[in-house]
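For reference, the structure discussed in these notes is given below.
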């Protein structure tokens, strides 16, 4: 994959530089991309460690990427060194840093406008810190640069109305395209991101956003289903207030009660006393009272209905029944039984649902 100079210089005048000296040069990125390698020009064989720092008000800031292991360089040429990948942005200031173990392993050049800092350090024991302190001004630049893959970032690709698919295409080999978003307001089809023909093209869509579509996402089992026939029995529970008496470990009575206020308001109080001497606490007595009322509610609501076969119907589903002739309006039941009948001679092809309280 082709690489390009993203930040740094191609100046290689070959003036001498000192060993055991951290040298930093301020550069503004010329293009956006992903730095994958570091290049230095050397005028002597030796070893070099490199790093990149952010800018903090015109001074080296925080370490962004670095290589502490040291890499060999050869005299009279640009040497390519490995460094962990770093994404840089065009127009942003970065500090390129290097240190060598041999005089002239890093080439200097004269540039009156170049901002540079340095600091004496022992190459063999030096490791790139998170931030650098104790730096001094220096006048000459250092021949180094960060190289990598160009990245193009369109701010947005908007296709308000479409009868196809929004497309991002690139025709240059080695180019990486990272669209920040693909917005498709109204669409028939699926938004996609595709690359061009050249080998080595990489596309990283950060998001594909489709805020409005024709229709709305819905999860359906069966919204409406025809009722062929139905019978329903909805009675007030025989008990709407339960009172349970127990006995604690000392022989003293404990009490618990529960009430169905809605049913009590409709038909008045229907009280049931239960003596359960094995219940030792008030909390357990109350729980038993609640269980008694729940059982009464479950036995007071039941029915059966016939419907055309519904492939989504499952046991224990809660169904809402609207049956005018059966005087049922938005009444909920739980399916406690399902019977399927298929009889061609009698033209029967139906589900029989056994209903209970929800």
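Nothing in this text is a laboratory measurement; each read-out follows from the coordinates by a stated rule. The structure presented is a predicted model; accordingly, all values stated were derived computationally and were not measured. When we count neighbours, we look across all protein chains shown, and the Cβ atoms used for this are built from the backbone with ideal geometry, even at glycine.
Just a few scattered comments:
- FRET efficiency, 1/(1 + (r/R0)^6) with R0 35 Å, evaluated for residue 4 and residue 133 via beta carbons: 0.55
- C-alpha center-to-center spacing [the stretch 89-136, the stretch 320-358] in angstrom: 82
- Debye log10 I(q)/I(0) for the stretch 236-299, one point scatterer per Cα, at q = 0.18, 0.25 Å⁻¹: -0.58, -0.92
- Take the Kirkwood radius over Cα pairs of the stretch 4-150, plug it into Stokes-Einstein at 10 °C and 1.306 mPa s, and you get 108 µm²/s for translational diffusion.
- Difference of contour (0.36 nm per residue) and Cα-Cα distance, residue 282 to residue 111: 52.5 nm
- Entry note: the stretch 224-358 has Rg to Rh equal to 1.17, where both radii use alpha-carbon atoms and Rh is the Kirkwood radius.
- Potential lengthening between residue 15 and residue 322 on full extension [0.36 nm per residue; Cα-Cα distance subtracted]: 101.3 nm
- Semi-axes of the equivalent ellipsoid for the stretch 280-358, Cα gyration tensor, largest first, Å: 34, 14, 10
- Share of alpha-carbon pairs per 10 Å distance bin for the stretch 72-141, given as whole %: 13, 43, 40, 3
- Protection-proxy order for peptides 315-324, 135-144, each taking the mean of Cβ atoms within 10 Å per residue, highest first: 135-144, 315-324
- Compared with the alpha-carbon gap, the fully stretched path from residue 77 to residue 262 is longer by 57.4 nm at 0.36 nm per residue.
- Highest mean packing comes first when the peptides 327-340, 12-25 are listed by Cβ atoms within 10 Å, giving 12-25, 327-340.
- Cβ crowding within 10 Å averaged over residues, with 236-246, 302-312, 49-59 ranked highest first: 236-246, 49-59, 302-312
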